[in-house]
Amino acid sequence: MIDRYRIFLLFIVVFLFMAIFAPRFFNVFNLTTIMRTMAMNAVVAIGFTIVLICGELDLSIGTIITFSGVVGLGLKEYLGYGGSVPIAILTGCGIGLINGLLVAKAKINSFIVTLGMMTILQGAIYTATGGNSISLSTEDAFAVSDWLSKMILPLITPRVLITIGFIVFFTLFMRRTRMGRNFYMVGGNTQTAWLAGVNTDGYKIVAFIISGFTAALGGVLFAMEGSAATLKLGDTSLMYIVSATIIGGTAMSGGKGGVFRTFIAILMLDVLYNGIILFGLGNEVKIFIAGLILATVVMYEAYAAYKHDKIVGQRAELLKELNTKHGK
Amino acid sequence: MMQTVQKESTQIETRLRTQSTFNRIFSTLGVYGVAVLFLLLGIILQISGVINNFLTAQNMLNIIDAVSLLGIVAMGMAFVTYSGHYADLSVPTTMALTGIVCVEMLKYGFFPAVIISFIVGLLVGGINAVAIGKFKANPIIWTLAVNYVSMGVIRLVWVNKQIYPDLKASSVKASVLFDNIYRFRFFDKIALPMVFLIILVIVCHFILQRTKFGVQLKLTGSARNVAKFSGVNVERVISIAFLLCAATATLGGLTVTSLSKVGAWYNGAGYDFKAVTAVVIGGMTLAGGRGSIIGVLGGVLIIGLMNNIMTLLGIGTFSQDMIRGAIFILVVGLNAKSLRSQGRDDA
Amino acid sequence: MKKLSTIVFYLIMALAVTGLAFAGGEQEAESGAAQEPAKESSLEASLALDDEVLALKAADGQPLIVLQKEQREVPPRPADPEALPEDDPLHWWDIEFAGWNANKKNIPESPKDGAIGKKIIFIVHGDHPWTTACTLGAQKVADVYDMEFKPMSPNWDLAVQNQMIDQAINERPDMILLIPIDAKTAPQQARKINQAGIPLILFNTLTDAAAMDYCITWTGPDDFGQFRMLSRVWADKLGKKGGVAYVQHNPGGSPYFARCWGPISELSGYAPDIYTLDKQAPGFEADKTMQLVSDWLTRFGDELVGICAADDSAQALGIFEALKKAGREDVLVIAAGNSKQGMDLVKEGKLYAITYQTAEGDGALAVKTAADWFNGKEIEPVRYLPKHIITKADVEEFYPPQW
């Protein structure tokens, strides 16, 4: 029971700790700040989790975030947000499609493909912007930004609402629909899935497209709220999302885990970091604790598997019989 | 009757024979085929006058100088990848940690400082070795976690400051020796890091190809369970692989710290992905058990050649990024394709 | 069914948390300052501390704060700077003189009750030994005024800086001092703080002009000015002719423009026979810079006579390794300072000249300006740090290094 709900328990523990001990943590403004901070990474993590469940890795999500932010803001003056945002999201899907094709059809390892794609996009971002970040200071840009960050319900702003909406959608999709459950099958045992008639190539491609989609969505929304797109917008997101996904219980071998767990893991990490800032502690503490938590989670799983391996295949009665027989 | 059978058997086509010429060239030459292609490209560009001074001794030396540090780190990383554990992401902070420890310990003299830093580096490697070798923790996530914890340790212990070798050294001689880790040149031409690299290549190649450990590592990387049931002490083999990676990371850390003349937490940043890129371009597949050290050297040289030609052509830094990423995917994809055309399993 | 019930359980918990938080009230954090007994006496006491502050010294022995007497000469803004050619100094007007033509919106009035005991939140852009020194300098000044000083660092992550700004607003300090991570993200950040009614001073990084409308003032180094000065010194030594190359800062920030196009636009008028061979941004790694310069030497040979670098530590070391290897130590190198490695190189005669940029002074000037505002003084729209070019002749005065 603890194993299955590990991440939820961890989240409750961290949240309670911060609520009790961190100064100025438990009020509407601070909790809303936490929700707004997690909004981008949470939505991007959806796609990453789905790709990981399929047994693949997508390292390019950080640069897709930046790229879509740049495209979304950069094209605004020609097409308005109504035009530039769909284009940004479609670009993300397109990149995901290329990733998926290279992984599924050309059968190149996804680590390689997405690492290469990350490098290509980094260059593309700089080339497209000429090295300048983009900032929109017009009244209508600020109006959109204000709307996205306005608090319409306690703890909820429109951007947070969009994020939560997608999380709910994808959680139900992955757990309830047959198509969603097929992703787990493709990741769990690709050969068996293929033999069972599931189009494994197709599912992998779709997983990468979803990853590109959510990364682009998260990036462009974040850029709109900040009314600015820097060239390093998504740089820190990759490692953060990887850590959160693993802590949330999705394994790199694929086939298990879930979108909702990743979301709770991201919430937990954001609560933790928020609390650390409130305590007035520096970034070295934050990095250190993040590493410790990650190491503990990984080691916990590994140790459990290690213990399991030790006893697997052993027949306790036979062993006892042998021991008593030989008087050991 | 016998003759008919014989005739039939000779008409049976084996998969090897259906391999196209291109794939055949690629699989025999391996990564050096690509390196030769780049050299040819450079020569063609020089002859056609687009660039100049490409094929000079100085330029070639520059290329090797530029990638020596990367090569040192990639040698150790190769062992980790060969063992089927993808990559050791704790390399950047191991480099920074051993560098800053060495600078701090210079107050006890140069050689004690170096020895202490190697001990520290091997400790980190040992932590990785136990967690991944014995407990089979996921290598990417575990080494990432160690990376964060090490970074936190460096910044906490040295209170977010950086330290300078000449101020910490016990004597001028110690400080000079430290600076010379990067700067010493034999005959004014051949830098010490280059010598380190050459020695490492020879030693690592020997370890991988000719020792029992190397063969065991290959088996472990290809099929861990088969290795275990064949009697190979899998835990020990994997532990040694990670210790070797930490050792080369230490050497790399000392070198990069000597170059920048400062012990800081940000030395070595980015070397994890750079080293994996070199290793993979060099023909080692991420699934493990395939490739060679000479190949990794080739991968490192390709990166150097690529950068050199692009800068000589005047291509901007960020356009270079795009081309690098595309070539990376291309080379690895071709490698995988040629392996598959031989009927071999790929990564 | 079990899964559904767990989801419902967590939804209820989430609502409960929200309800609790809401009921916990709009818990605005405590208001900034401690209660002052009488406005005038604390104002006097605060003004009296001015001399003590101006006498403070940084770790390198230089005075921590040097208030500039002469105003920077600001040429009138051309109608469309972007339309001018890049080597015309006025093309860069919006970046170089950001803040001088701001339309200040909704700036709070000074309470004029002295700076003693005020609460200020100091948000830098990232972790680096430089910012450690900068925060230290700020702390020194804050201590004199007995301020409640809270530093924060987002470690180069924009989402974290936005979060910190939100948390800072929530604490309702008396002043926020901010180094925006990027010039372009500053407008919305400054606007948010401005709309919350909290006084704001931007410093160190020149921001997009729109951000300047929302802050009291901007303090920091006059990067463009320093590099114009430096380039003239360089050009003189070069005999005002030859081919030069630029090792740039990371793209996006003001140093990227100031340390490359500052000299280019200055020399186009001062020394037209100096021309640009190449400019690249290899980052702050010594080995990458070394490879870049080696390749430049291969490409340009004797035509390259000077290099201007955006950083005098890692980049400069890389440059010299390359020069030494190629036996081209005749190339004249200048850089932006001032780090210990840079000063060592100047002392050894390798680096010809570097700019002086006091890290501690940067933070200190921002806090001192805040104190001046609390004291009710008139604040200029832009306040610069002292400019100085360090050469071998006076480099000894700047040891020990600040960071």
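Laboratory data are not the source of any read-out in this text; all were calculated from the coordinates shown. The shown structure was predicted, so the numbers you read here are calculated from the model rather than taken from an experiment. Here the Cβ is made from the backbone with ideal geometry for all residues, glycine too, and neighbour counts use every protein chain on show.
Odds and ends about this structure:
- In Hz, Karplus ³J(HN,Hα) per residue of region B:199-208 (6.51, -1.76, 1.60; θ = phi - 60°; x = Gly, Pro): 4, 4, 4, 4, 5, 5, 4, 4, 4, 6
- Cα centroid separation, region B:185-208 to region C:290-310: 27 Å.
- Measuring r between the beta carbons of B:Thr211 and A:Met299 and using R0 = 35 Å, the FRET efficiency lands at 0.65.
- Choice from B:Met194, B:Met60, B:Met95 with maximal GNM fluctuation in chain B (Cα, 10 Å cutoff): B:Met60
- The local environment of B:Ser170, defined by Cβ-Cβ distances under 13 Å, has a net charge of +1 under the rule Lys, Arg +1 and Asp, Glu -1.
- Residue-averaged [θ]222 nm for chain B, counting only DSSP H segments that reach four residues, each worth -39500 (n - 2.57): -24000 deg cm²/dmol
- Cα centroid separation - region A:116-168 against region C:117-151, whole Å: 31 Å
- Annotation: the residues C:Asp182, A:Asp235, sorted from fewest to most other C-beta atoms within 10 Å of their own C-beta, follow the order A:Asp235, C:Asp182.
- Order of A:Asp201, B:Asp272 - criterion: other Cβ atoms within 10 Å of each residue's Cβ, fewest first: A:Asp201, B:Asp272
- Residue of A:Gly282, A:Gly83, A:Gly226 that the Gaussian network model of chain A assigns the largest fluctuation, springs spanning Cα pairs under 10 Å: A:Gly282
- For the protein assembly as shown: rounded, prolate or oblate by the Cα gyration tensor [a/c cutoff 1.5]: oblate
- Cα centroid separation, region B:310-335 to region A:238-267 (Å): 32 Å
- Sequentially through region A:111-121, phi angles give Karplus couplings (6.51, -1.76, 1.60; θ = phi - 60°) of 4, 5, 4, 6, 5, x, 4, 4, 5, 4, 5 Hz, Gly and Pro residues having no value and appearing as x.
- Note on chain A: helix-only mean residue ellipticity at 222 nm, from DSSP H runs of 4+ residues weighted -39500 (n - 2.57) and normalised by residue number, equals -26000 deg cm²/dmol.
- Relative contact order (percent, whole number), chain B, Cα cutoff 8 Å, 6+ residue spacing: 33 percent
- Residue order, fewest to most surrounding Cβ atoms within 10 angstrom, among C:Met343, B:Met322, A:Met299, A:Met40: A:Met299, B:Met322, C:Met343, A:Met40
- For chain C, built as a Gaussian network whose Cα springs stay under 10 Å, the top-fluctuating residue of C:Lys392, C:Lys324, C:Lys150: C:Lys324
- For peptides B:76-84, B:324-332, sequence by mean Cβ density within 10 Å, most packed first: B:76-84, B:324-332
- Computed from label points 7 Å out along Cα-Cβ, the spacing between B:Asn52 and B:Ile323 is 2.0 nm.
- Per-residue ellipticity at 222 nm, computed for chain C from helices alone with -39500 (n - 2.57) per DSSP H run of at least four residues, works out to -12500 deg cm²/dmol.
- Averaged over the residues of peptide A:239-247, the number of Cβ atoms from other protein chains lying within 10 Å of each residue's Cβ is 2.
- Counting, for every residue in A:297-308, the Cβ atoms of other protein chains within 10 Å of its Cβ and taking the mean gives 4.
- At an R0 of 56 angstrom, the distance between the Cβ atoms of B:Ile43 and C:Glu348 translates into a FRET efficiency of 0.90.
- Amide proton proximity set for C:Lys279, modelled H, under 5 Å, gap of 5+: C:Tyr246
- Surface/4 of the Cα convex hull for region A:212-289, nm²: 6.5 nm²
- Within 10 Å of the Cβ of each residue in A:123-134, the mean number of Cβ atoms contributed by other protein chains is 6.
- Placed amide H near C:Asn204: partners under 5 Å, 5+ positions off or other chain: C:Thr219, C:Gly220
- The overall shape of region C:224-356, judged from the alpha-carbon gyration tensor, is rounded, with an a/c ratio under 1.5.
- Using C-alpha pairs under 8 Å with a sequence gap of at least 6, the mean separation divided by the residue count of chain A gives a relative contact order of 34 percent.
- Extending 7 Å from the Cα toward the beta-carbon at both C:Glu303 and C:Glu148 defines two label points whose distance is 6.3 nm.
- Kirkwood estimate for region C:204-245, i.e. one over the average of 1/r between Cα atoms, Å: 12.8 Å
- Anisotropy class of region A:172-328 from Cα gyration tensor, a/c 1.5 cut: oblate
- Residue by residue, region B:326-337 carries 3J(HN,Hα) couplings of 5, 5, 4, 4, 4, 4, 5, x, 4, 4, 5, 5 Hz when phi is fed to the Karplus relation 6.51 cos²θ - 1.76 cosθ + 1.60 (θ = phi - 60°); x denotes Gly or Pro.
- Within region B:245-286: backbone nitrogen closer than 18 Å to the B:Val203 label point (7 Å, Cα to C-beta): B:245-256
- Chain C: relative contact order as a whole-number percent, Cα under 8 Å and 6+ apart: 20 percent
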